[in-house]
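The values are calculated or read from the model by the stated rules, or taken from the named source; none is laboratory data. Every value quoted in this text rests on a predicted model; they were computed, and no experiment measured them. As a convention, Cβ positions derive from the backbone with ideal geometry for all residues, glycine included, and neighbour counts pool all protein chains shown. Please note that ligands, DNA and RNA were not included when accessible areas were found on the heavy atoms of the full protein model with its side chains. Shrake-Rupley method; radii C 1.70, N 1.55, O 1.52, S 1.80 Å.
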Amino acid sequence: MSTHRPLRPGPVVCVGETMAALAPDPLGPLDDADLLRVDIAGAESNVALYLADHGIPARWVSAVGDDPFGRRVRARIAAGGVDVSGVRTDPERPTGLLLKDPGAHGTRVRYHRAGSAASALTADVLDDPAVAGAALVHLSGITPALSPGCRALVERALRPDRPWPVSFDVNHRPALWAGRSAADVLGALADRADIVLVGLDEAQVLWGDRITDAEQVRALLSGPRVLVVKDGDRAATAFVGTAAHSVPALTVRVAEPVGAGDAFAAGFLSGLLRQLPVDRALRLGHLTAASALRVAADHGPLPDPAVVEALLNADDETWRAAVID
């Protein structure tokens, strides 16, 4: 957060697409599935839901179709304590859909979102009263890949004269950038945000495997006041100005990794909004990520509050020895 865009009272406004998600039940390859379970999936609404779990006022701004999936998406997110008053219903376009296809080497996601209601969002969404009072606007690198209008929305949200601080999760989805280069677009957008989160593996895919550590990512993205580089199940490092803070990841029994990055983002942002020290905000990110790792869905329950409080305040040795199962 640069000094001219401080965090201020109000909700965190998360802008982006949420889809209906179909996954085999029980989990297994889609080819062999007889039953599909209906859930919802969206990076920005995941962040909003976990923010709400942490008691942070959160608002999700998007568009859905006038269809059963759209009504389900809106109702599920509202039931999680998130303000959905800024969600538009598009009578002409459908709600996006994704299919999860678990396999031996991870879960492949198959998208059916071309022409969706959310892909038709444009920069005018930022004029909505639902956005005007934001304490922080949260965006991801998924949105600019969806359409020219969505990219214009993100570009405008990151203009130098914006009234709100912006957090930006790079969230590179190669399937959405087929035939286009994501590296330049996402690098330029991230460098204009106040708070940025990126995985070290993402950075290597986007900006070259010559990147081997968090410090090299910081050298590449010097613009954000706060930069968090996540190194999978090893550690996360936050750069605040020139200072670096690194916190090892927790040991977690993993059901499925999808959604863990969004959960981490929400936990870390919650820590900043609660004015915790940066290393504690990183711990809260790891603890929240554990919630997603332990379930097959994108959103799972937070660890017991007493466990969260104890681990936030634990010494380093106790933190490193902790197991979340």
Given the conditions (1) of a type outside the set (Asp, Glu); (2) touching a Cys at 6+ places or on another chain (Cβ under 9 Å); (3) farther than 23 Å from Gly55 by Cβ, and given that Lys100 satisfies all but one, which numbered condition is not satisfied? (2)
In segment 287-325, how many are hydroxyl-bearing (Ser, Thr, Tyr) and either at positive phi or not in a helix (DSSP H, G or I) (or both)? 0
Across segment 167-196, what is the number of residues that are under 13 Å from the mean Cα position of the chain (by Cα) and either open to solvent by less than 10 Å² (accessible area, probe 1.4 Å) or at pLDDT 95 or above (or both)? 8
List the strands (runs of 3 or more DSSP E) that sit entirely inside segment 32-125 and contain at least 1 residues that are among the hydroxyl-bearing types (Ser, Thr, Tyr) and open to solvent by 30 Å² or more (accessible area, probe 1.4 Å). 87-90, 106-112
It is to be established whether one or more residues within segment 79-98 are closer than 17 Å to Asn171 by Cβ and not aliphatic (A, V, I, L, M). yes
Pairs with Cβ under 8 Å, 6+ apart, first in segment 64-90 and on the phi > 0 side of the Ramachandran plot, second open to solvent by 30 Å² or more (accessible area, probe 1.4 Å) and not β-branched (Val, Ile, Thr): Gly81/Asp53
Take the residues of segment 203-217 that are crowded, with 18+ Cβ neighbours inside 10 Å and under 20 Å from His245 (Cβ atoms): which is nearest to the chain's Cα centre (by Cα)? Ala203
